[in-house]
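The structure appears below as structure tokens.
We did not get these values from a lab; they are worked out from the coordinates using the rules stated. Just so it is clear, the model here is predicted, and its values are computed rather than measured. Note that we place each Cβ from the backbone using ideal geometry, even for glycine, and neighbour counts take in every protein chain shown.
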Amino acid sequence: MKLLSYKTENIEHLAIYVKGHIYNLNSCDKNIPDNMREFLIGEAPMMKRAHIVEEKILSGEKFKEEVFYEVIAPIPHPTSCRDAYAFRQHVAAARRNRKVEMIPEFDQYPIFYFTNHNAIQGPGEIKCMPDHFQKLDFELEVAVVIGKRGRNIKAENADEYIAGFTIMNDMSARLLQMEEMKLNLGPAKGKDFSTVIGPWLVTPDELEKYKVPAKENHVGNNYDLQMSCKVNGVQVSAGNVKDMDWTFAEIIERCAYGADILPGDVIGSGTVGTGCFLELNGTGLLNNPDYKAQWLQPNDSIEMGITGLGILANVIKKEDTDFSILELKKV
């Protein structure tokens, strides 16, 4: 089942996407809330009602289709947003490019950071400030959304808490990020302006046919899902969800240790190998000192695709301002 959020006349709604058409779930079943947050708070009973609506549509029952709408982030107002560090290939390549050894702690436990859950965006334009364009980057990721409240969850049970999956682009302003992390705190300003998710929330049952074993000595569901990113129509990144070294179940176990996870929490996988310009540029320069580094520019288009999860399309736009926090730095 594919769930999405959309706007009509600047009012947010919840819909189900079936065979190229969207249907307002509240119109199909008045017991279903008309927004994603309340729907997820309703946990399994609401999800069951949505599945029944989908079955009715597929069986030929007629419901009114939405025609004029704007698709927004499937979870427009997450309760929180975490991003993990699950792909060893990306971590190893990034450290190699900086000429430092692979950190052994990566293989000992999964880590994550909190990013700005109020900066969630969906398909469409991404507006950035001038300083963001100082090495502006994408990050190709997959994310899960939590569907029920939990605490101190063991990894072997953690997949039960996943409401669905979506594509994530963890936008990054690398110059801001690099400057502030010299102080061993962050990322903050390098990350807090935009995290993009979408286009849908895909429930786990739709991905059953792609399920593969987790890596050796790991616990939880894993999926064979091709990942790619195109910038201005040119493919720059390719990977696969099955290459996650830490599973979402293991990441959730760590997130929920001594803390509540809530319906509507978003948890990203971290960047897939080759999944950002920072890594691609570093590898290119390591192999060829004349390599021309690439960063995102105003009016660039980004298309991220993951098997079963659709395509997340955005266009980068520059805010009409010359305000710079980099220029406020003390000499």
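Some points to look at:
- For ASP265, the residues 5 or more places off, or on other chains, whose built amide H falls under 5 Å of its own are THR79, SER80, ILE146.
- Cα centroid separation - the stretch 4-67 against the stretch 277-331, whole Å: 35
- Distances between every pair of Cα atoms in the stretch 80-328, grouped in 5 Å steps from 0 to the bin holding the largest one, split as 1, 6, 13, 19, 20, 17, 12, 7, 3, 1, 0 percent.
- Its alpha carbons considered, the stretch 1-96 gives a radius of gyration followed by a Dmax of 16.9, 57 Å.
- Using θ = phi - 60° and Karplus 6.51 cos²θ - 1.76 cosθ + 1.60, couplings along the stretch 248-261 (whole Hz; Gly, Pro as x): 4, 4, 5, 5, 5, 3, 6, 4, 8, 6, x, 8, 7, 9
- The chain: calculated mean residue ellipticity at 222 nm from DSSP helix runs of at least 4, using -39500 (n - 2.57): -5500 deg cm²/dmol
- Dimensions of the stretch 166-208 based on its C-alpha atoms, expressed as ranges along the principal axes with the largest first, amount to 44, 17, 11 Å.
- Each label was represented as a point 7 Å from its Cα along the Cα-to-Cβ direction; for PHE68 and ASN118 these points are 3.3 nm apart.
- Gained length - LEU185 relative to ASP205, 0.36 nm times residue gap less alpha-carbon distance: 3.3 nm
- Of all the options LYS189, LYS127, LYS62, the one that moves most in a Gaussian network model of the chain with Cα springs shorter than 10 angstrom is LYS62.
- Exceeding the 32 Å Cα-Cα cut-off - candidates LYS99/LYS215; LYS215/LYS292; LYS2/LYS292; LYS64/LYS189; LYS189/LYS230; LYS127/LYS292: LYS215/LYS292; LYS2/LYS292; LYS64/LYS189
- For ASP107, neighbours were defined as the other residues whose beta-carbon sits under 9 Å from its Cβ, and their charges (Lys and Arg +1, Asp and Glu -1) total -1.
- Residue by residue, the stretch 105-115 carries 3J(HN,Hα) couplings of 4, 4, 7, 9, 7, x, 10, 7, 10, 8, 10 Hz when phi is fed to the Karplus relation 6.51 cos²θ - 1.76 cosθ + 1.60 (θ = phi - 60°); x denotes Gly or Pro.
- Expected-Rg normalisation [2.2 N^0.38 Å, Cα atoms] applied to the stretch 96-232: 1.20
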